[in-house]
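Encoded as structure tokens, the structure appears first; notes follow it.
The values are calculated or read from the model by the stated rules, or taken from the named source; none is laboratory data. Keep in mind the model is a prediction, meaning the values are calculated, not measured. Ideal geometry is used to build each Cβ from the backbone, glycine not excepted, and the neighbour counts take in all protein chains shown. These accessible areas exclude ligands, DNA and RNA; they are computed on the full protein's heavy atoms, side chains included. Shrake-Rupley method; radii C 1.70, N 1.55, O 1.52, S 1.80 Å.
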Amino acid sequence: MENSQVLGARGMIRRSELIRVIIQSLYSLGYKKAASSLESESGISSESAEYALLRSQILDGRWNDCIQTLNMIEDLVEETRASACFLILQQWFLDFLNSGDDSSALWVLQKLISPLRVDKKKIHELACGVVSLREIGWGGKDDTSVVDLRRKLLIEFKRLLPPPIAIPDRRLEHLIETALAFQQDSCIYHYSSDSVSLYEDHCCSRDQLPTETTQILNQHENEVWFVQFSNNGEYLASSSSDFTAIVWTVSKDGIVSLKHTLRSHKNPVSFVAWSPDDTMLLTCGSNEVLKLWDVETGTCKHTFGEQSPIVSSCAWFPDSKRLICCSCDPVKCIYTWDLEGNELDAWRGARMPKVSDLAVTPDGEHLISICADKDIQIYNFRTRTERIISEKVPITSLSVSKDGQFLIVNLNSEEIHMWDVTRTWESPLKYTGHKQRKYVIRSCFGGLNCAFIASGSENSQIYIWHRQSCRLLEVLPGHTMTVNCVSWNPSRPQMLASASDDHTIRIWGAASKSKPAEGSA
């Protein structure tokens, strides 16, 4: 191809194809005069000669000519040719029915359509149409209905016939959207939901990642083991080895302040879970029972399992009326309860493996649990089927993305693995660099569309990776002891919380010149 016929620095764009999709775009945008003028000046039509001929023949009802035109098109896959022939003959059949010529319609059906290699169900539906047009979705018997059906046939042809005979509708828009989406996906710091401009290449700055401490919360009196933002991002909950949990509020300007200190547990509190409607909070620990709290008042509404197994992890169903929990000791089991403490279901027995962590996907369809230290069990409530993903080393914690599509597990081999919840992967995406050998370290998804993975570490730092590329983006110093847990605010992509053995919670925000505030506002 001559250089004059290609465009772009890499010579990848055919000039004639670009002009053709521009003309198509002008027509779809309503600029008919501009499109016609470009066709005239360039000598390039928005339609190929073959499609233009077929369009004329279809609108005029010249069905024999349509078949001949189709058969003359070279390099057309036979399956596509057969499907196109069926559409033409089907319309011919309907034309005869519309005119009341049932015998000719039957002739087309028996002699021309039946020999085609098409779904027999479609042929049966056409046969039924001889008795009732309504059964094949056509309720009229007038010229307007005929014209409308022929126009629908043209649309189907455009979808069926391959380029360059026909090009898909809004092709230029699709190409531009694909390029913009690729730029977004390739942007490792992508954080904004604003529309991407066509005027410049898209690239987000690392300055928008939560890399700077904006607050240090020191109300806990001992190691802080867990931290989690509410689903609406307006609250933060933390739990500690000081036997308490704390509910914090997040103001509109991003300041975190103490709302309630929850005092009722007699042992360290290692886990909290927000109800989907954010009105209630569950707290539990490895040597503790499960408690339900009212977020607004800070009062304990119910204590579960006083005569049942000790609860190590818990989760909510989407209706905020049912909860599920697991226990490692002394009886191995999984329970579901209502808010009044009535047991709804239970998995228990000698064959029940030890369950150390669990989660329910936001749609309530899957229960994900960590069993026997190394297995990820994914149970589908609707189909009552389960799938097991086996890791080679012990799993210490589990986290699920807010769309329920992915899960991540921390391993004591200093790796974080991401798996798809519904699809089978041969191997996971892996995130490395942090330190984890002895303790339970919890990671989380975060940022716009869960684009990032964050994790604590035994070396007192926080690690942030780009989810798709597994690239380590940031290592955040600040804590002085092990960082046990991190949580990304779901409504504020630039806010991250971390919990540490140094008795503090750090709130992280985008880089600025402001100094971190001690304590609560």
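Computed quantities for the displayed model
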item	result
LEU26 vs. criteria out of contact with any Cys (no Cβ under 8 Å at 6 or more places or on another chain) and in contact (Cβ under 8 Å) with a residue 40 or more places away in the chain	no
Count of the stretch 242-272 residues which are among the polar types (S, T, N, Q) and in a loop (DSSP other than H, G, I, E, B)	4
Pairs where the first residue, in the stretch 345-358, is more than 20 Å from SER399 (Cβ to Cβ) and open to solvent by 30 Å² or more (accessible area, probe 1.4 Å) and the second is modelled with pLDDT of 80 or more and not in a strand (DSSP E or B), C-beta under 9 Å, 6+ apart	PRO353/ALA372; PRO353/ASP373
Sole residue being on the phi < 0 side of the Ramachandran plot and open to solvent by 50 Å² or more (accessible area, probe 1.4 Å), chosen from TRP508, TRP488, TRP425, TRP419	TRP425
Qualifying residue in the stretch 433-441 (condition: at pLDDT below 95, open to solvent by less than 10 Å² (accessible area, probe 1.4 Å) and not in a strand (DSSP E or B))	yes
The listed residue being open to solvent by 60 Å² or more (accessible area, probe 1.4 Å), modelled with pLDDT of 90 or more, closer than 26 Å to ALA511 by Cα and aliphatic (A, V, I, L, M), out of LEU258, LEU236, LEU217	LEU258
Which numbered condition GLN208 misses (of (1) free of Cβ contacts under 8 Å to residues at least 24 places away in the same chain; (2) open to solvent by 50 Å² or more (accessible area, probe 1.4 Å); (3) within 13 Å of PRO493 (Cβ to Cβ); (4) not acidic (Asp, Glu))	(1)
Of all residues in the stretch 388-404 being among the polar types (S, T, N, Q) and open to solvent by 10 Å² or more (accessible area, probe 1.4 Å), the one that is farthest from HIS366 (Cα to Cα)	THR396
Top-ranked residue of the stretch 34-57 - restricted to ones that are over 42 Å from the mean Cα position of the chain (by Cα) and under 25 Å from SER145 (Cα atoms), ranked as most open to solvent (accessible area, probe 1.4 Å)	LEU53
